[in-house]
1. Within segment 139-154, identify whether any single residue is polar (S, T, N, Q), out of contact with any helix residue (DSSP H, G or I) (no Cβ under 6 Å at 6 or more places or on another chain) and under 20 Å from Ala81 (Cβ atoms), and answer yes or no.
2. Based on this model, can you work out whether Pro205 counts as in a helix (DSSP H, G or I), touching a Ser or Thr at 6+ places or on another chain (Cβ under 6 Å) and under 30 Å from Gly290 (Cα atoms)?
3. From the list Leu262, Leu243, which residue is closer than 26 Å to Gly140 by Cβ and among the hydrophobic types (A, V, I, L, M, F, W, C)?
4. How about segment 53-71: which of its residues are within 17 Å of Thr264 (Cα to Cα) and open to solvent by less than 60 Å² (accessible area, probe 1.4 Å)?
5. Would you check if there is a residue in segment 86-93 being over 17 Å from Ile169 (Cα atoms) and either more than 17 Å from the chain's Cα centre (by Cα) or β-branched (Val, Ile, Thr) (or both)?
6. Residues of segment 216-226 being aliphatic (A, V, I, L, M) and open to solvent by less than 30 Å² (accessible area, probe 1.4 Å), which ones?
7. Out of Thr146, Thr198, Thr173, I need the residue that is assigned to a helix (DSSP H, G or I), open to solvent by 70 Å² or more (accessible area, probe 1.4 Å) and of a type in the set (Ser, Thr, Tyr). Which one?
8. Does Leu212 count as in contact with a Pro (Cβ under 9 Å, 6 or more places away or on another chain) and of a type in the set (A, V, I, L, M, F, W, C)?
Amino acid sequence: MNAKTSFMNGAASGRGRRSSQGRRRPDISLLLRMVVYLCAGITLLALLLLIAYILVKGVPHLTVSLFALEYTSENVSLLPALINTLMMTGLALLLSIPPGVGASIYLTEYADRNSKKVALIRLTAETLSGIPSIIYGLFGMLFFVTYWQWGYSLLAGAATLAIMVLPLIMRSTEEALKATPDSYREASFGLGAGKFRTVSRIVLPSAIPGILAGIILAIGRIVGETAALIYTAGSVAVICRDLLSSGRTLSLHMYLLSSEGLYTDQAYATAVVLLGLVLLLNLLSGRVAGKLTKGNE
């Protein structure tokens, strides 16, 4: 009887421990879920407050004179800076996407992933991504503006920005290529396709959404960059006539207006246009990524 009683007591205590653990686990899970929701809510609230503040301060000062073709001290037009921003973004992407995507394809598809050379290239890219933008600006001024004698120009600013966003494009492209299943490569090789055909026709199209995600982030950094362009592109408030012409971008235009202290309202209006431009570019890139993804399915 004593053995039977002790066995029944032990089983009951075991069920009690299991039931208490079962009650604790949902409590911890609920707590973690609440923490995640709280963090997401704080992030969303910060974004909404920032957008609302910019809109409230800037929208009332959006006037027709701000979009005049020529900049004067009276209209403080942002249209030349807007056009220069679009040209700067396009040229910087043109200079950074081919080497960034090509380097990622080499690191992922062709090079030995455990070699010291690959480790050195990745270390270099990660180091470049952590350098402050003002250092890029000083480098661009010494190398592109002075040594290559490009002067303060659109080309010097775009080349500097291309070096800045190159690690970002490389990293996002590399992760997108790694996310492509190896079964795609094996099926292509099994059908007799070579390495180049497999990468260009199978792997790269499957990784396009991830590559475009990195390009979207690069666009955001290019459009919002100020420090590097002060030393490379210059601050002339005119539309760049050619690659060696100097001109300011929207972010630099907004910084100069706010630093002068005379056109603070126009600076907020420029911030509204800059915010709208970034959102528009992100939406267009997302639409392109969605169409390319459906086309590859």
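The values are calculated or read from the model by the stated rules, or taken from the named source; none is laboratory data. Treat the numbers as computed from the prediction; the structure is a model and nothing was measured. In this analysis, Cβ positions are derived from the backbone assuming ideal geometry, glycine residues included, and neighbour counts consider all displayed protein chains. These area figures cover heavy atoms from the full protein model, side chains too; ligands, DNA and RNA do not enter into them. Shrake-Rupley method; radii C 1.70, N 1.55, O 1.52, S 1.80 Å.
1. Yes - at least one qualifying residue is present in segment 139-154.
2. Considered against the rule, which asks whether it is in a helix (DSSP H, G or I), touching a Ser or Thr at 6+ places or on another chain (Cβ under 6 Å) and under 30 Å from Gly290 (Cα atoms), Pro205 comes out as no.
3. Working: Leu262 fails: closer than 26 Å to Gly140 by Cβ.
From the options Leu262, Leu243, the qualifying one is Leu243.
4. Residues satisfying the conditions are Ile54, Gly58, Ser65, Leu66.
5. yes
6. Ala218, Ile219, Ile222, Val223
7. Thr146
8. So Leu212 fails the test.
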